[in-house]
Amino acid sequence: MSESEAHTPMRDLAAAARDGDAAATNELMAAVHQLAVRYARGKLGRFPAAVDAAADAAQEVCVAVLTALPRYADRGAPFEAFVYRIAANKVADVQRGIIRRPTPTDDLPESVDEAPGPEATALASDRADRIWSLLAQLSDQHREILTLRVAVGMTADETADALGMTSGAVRVAQHRALARLRGILGDSKEEL
């Protein structure tokens, strides 16, 4: 079969498919799919998973050709040129997607990264800012007692020794400081 005979049937199939011939449409789409797969495999062969990517690109080409077929006008160029132009665009889209895709690796990290992510860090920073603004509304003594008891984790006796108070006075002051914070939170309807 000569090259001119190979182009003529596809052009004829396109004309018949455009006129609504279902058999011609099926035969045309099979030929388009074959051309698109070969073209896509040739262009995508060096990429991982090229066979699957080529099949996806060929499917996209078939859909695009079928969608554009009613607007196709035979201007003397082979119908294959129309198909290749569409295929070039679709394969370029697939190549861009493959290049942007993360590359799997067999290397595993030695340990799990337990560090908080950006969102957790931002939330913790915001929460700390709100806590410091609440603590700023307390007296110096109440702020110091809450810091030693809650943040540091000292006992009432250890806090009393550090501040030169009795453990009972520390407990009472702590209770008053927490009650004051509850009152502030209740007034502002703020949650921590």
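Quick notes on this structure:
- Calculated P(r) of the stretch 24-63 - Cα pairs past 14 Å, %: 40 percent
- Y72, Y84, Y39, reordered so the largest accessible area comes first (probe 1.4 Å): Y84, Y39, Y72
- Coarse-grained scattering of the stretch 98-192 at q = 0.13, 0.18 Å⁻¹, given as base-10 log I(q)/I(0) from a Debye sum over alpha-carbon atoms: -0.61, -0.91
- The chain: angle of helix 50-68 to the longest principal axis, Cα-based, in degrees nearest 10: 70 degrees
- At q = 0.10, 0.14, 0.21, 0.22 Å⁻¹, base-10 log of I(q)/I(0) for the stretch 43-155 (Debye sum, equal scatterers on each alpha carbon): -0.61, -0.79, -1.12, -1.17
- Projected onto its three principal axes, the C-alpha set of the chain covers 107, 42, 24 Å, listed from the longest axis down.
- Computed with a 1.4 Å probe over protein heavy atoms only, the accessible area of M10 comes to about 10 Å².
- Between 0 and 90°, nearest 10: helix 167-188 axis offset from the chain longest Cα axis: 40 degrees
- The helix-only estimate of mean residue ellipticity at 222 nm for the chain, built from DSSP H runs of length n ≥ 4 each weighted as -39500 (n - 2.57), is -23500 deg cm²/dmol after division by the residue total.
- Summary value for the stretch 95-181: 23 percent relative contact order, contacts being C-alpha pairs under 8 angstrom separated by 6+ residues.
- The stretch 15-85 and the stretch 111-184 have their alpha-carbon centroids 69 Å apart.
The values are calculated or read from the model by the stated rules, or taken from the named source; none is laboratory data. Treat the numbers as computed from the prediction; the structure is a model and nothing was measured. Calculation scope for accessible area: heavy atoms of the full protein, side chains included, ligands and nucleic acids excluded. Shrake-Rupley method; radii C 1.70, N 1.55, O 1.52, S 1.80 Å.
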